[in-house]
Amino acid sequence: MIIDRFEGDIAVIETDGGMIEVNVSELPDNAREGDVLALENGRYTVDCEASEERRRKASDRLQRLFER
């Protein structure tokens, strides 16, 4: 699950099954757009390692575009 965007008090989250909306109060305080989330025991957590890897890959792709 990946946080796509925030719309007021709602987080729009991309899942394998499509988009879902979750109240921001259900997410960790440090959650931000692009973070990878895990749902464990009914609680959302940020997978910091997966989030950083995802950001690194996006940055690498962007860098390659500018090198052309």
Qualifying residue in region 22-31 (condition: touching a strand residue (DSSP E or B) at 6+ places or on another chain (Cβ under 8 Å) and hydroxyl-bearing (Ser, Thr, Tyr)): no
Residue within region 53-60 that is within 10 Å of the chain's Cα centre (by Cα) and modelled with pLDDT of 95 or more present: no
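From the list 38, 31, which one is at pLDDT 95 or above and part of a loop (DSSP other than H, G, I, E, B)? Break it down stepwise before answering.
Details: 38 fails: part of a loop (DSSP other than H, G, I, E, B).
The unique qualifying residue is 31.
Could you go through region 2-9 and let me know if any residue there is in a loop (DSSP other than H, G, I, E, B), open to solvent by 40 Å² or more (accessible area, probe 1.4 Å) and touching a helix residue (DSSP H, G or I) at 6+ places or on another chain (Cβ under 7 Å). Working first, answer last.
Looking only at region 2-9, we keep the residues that are in a loop (DSSP other than H, G, I, E, B), and these are 8-9.
Adding the requirement that they be open to solvent by 40 Å² or more (accessible area, probe 1.4 Å) leaves 8-9.
So of that shortlist, the ones also touching a helix residue (DSSP H, G or I) at 6+ places or on another chain (Cβ under 7 Å) come out as 9.
Within region 2-9, one or more residues are in a loop (DSSP other than H, G, I, E, B), open to solvent by 40 Å² or more (accessible area, probe 1.4 Å) and touching a helix residue (DSSP H, G or I) at 6+ places or on another chain (Cβ under 7 Å).
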Complete set of residues in region 21-45 that are aliphatic (A, V, I, L, M), within 10 Å of residue 1 (Cα to Cα) and open to solvent by less than 60 Å² (accessible area, probe 1.4 Å): 36, 37, 38
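The values are calculated or read from the model by the stated rules, or taken from the named source; none is laboratory data. This structure is a prediction, so every number in the text was calculated from the model and none was measured. Because the Cβ atoms are built from the backbone with ideal geometry, glycine has one as well, and the counts that use them run over all protein chains shown. We work out accessible area using only protein heavy atoms, side chains counted, and drop any ligands, DNA or RNA first. Shrake-Rupley method; radii C 1.70, N 1.55, O 1.52, S 1.80 Å.
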